[in-house]
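What follows draws every value from the coordinates through simple rules; no lab data is involved. Note that the structure is predicted; figures quoted are calculated from it, not measured. Note: ideal-geometry Cβ built from the backbone for every residue, glycine included; neighbour counts use all protein chains shown.
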Amino acid sequence: MKKNIVYILLGIFLLASCQQENEIPSGKGYLSVEGIKLQSQVVTEVTSRAVDESLRVDLYKGGQLVRPLTPEEMQNKIGLDPATDYMLKVYSANYGEESTWDNETKGEPVYYKEVPFEVIAGATTPLKVQVPMITFAVCLDMPAVTGDLLQRYTFTVASGGRSVTLQNGETAYFPYSDSFNYQLSITNLDGEVKEQPGSWGTEDGETVAQNTVYTVTYNWATQSLAVE
């Protein structure tokens, strides 16, 4: 009988110990950053607990910067005071440089994402983030022609007051705009010049989208330009 009482007391003690170990302090909530990845044009699933180290992550509360978060810090749960006005700002190191690009600069992908979240006492808020490219791009595709009479060509693409010259296969990046213009000027061996202007985003149904690369292709058979 005494042994039974001892076993019962021991069981109660062990149960209480387990509950204390698993209990989350009620005064704190936790942020768990389960993945931060660059968003490609083909959406892929974010790998759990993976943080792209090329991105910077800043923690805000009430519109004020709390601190930057390091990749090492985001491998674990982050203890935070309960509140509804938290935000992560995730961006590439070149964010903001797009405003300085000139006509000689082809630019590069720029990534940015704001993620508001809430922290609840005694709970964990999981976040998975895909960060889109906030710029868009235009690429030139000039297929080779056998025995052509082409002497030279000039291709320019313009948007937001900036005009960039591209060679075949090159890409120019632009801050978001609702349209872009382009022009191809071809000079043959006889010195004859033919110019073909075009635009995108000015016709019904056409929209310029961030995180998108537009390819302008010249068709030698029809001698026309097309945007894909």
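Okay, here's what the table says:
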quantity: Evaluated over the stretch 90-228, the Cα radius of gyration and Dmax, each in Å; calculated: 19.6, 79
quantity: Calculated Rg and Dmax of the stretch 60-117 using C-alpha coordinates, Å; calculated: 15.3, 49
quantity: For the stretch 155-210, convex hull volume per residue from C-alpha positions, Å³; calculated: 96 Å³
quantity: Added length on full extension, which subtracts the Cα-Cα distance from 0.36 nm per residue, Thr202 to Lys89; calculated: 37.4 nm
quantity: Label-point separation, Phe117 to Glu73 (7 Å along Cα→Cβ), nm; calculated: 1.3 nm
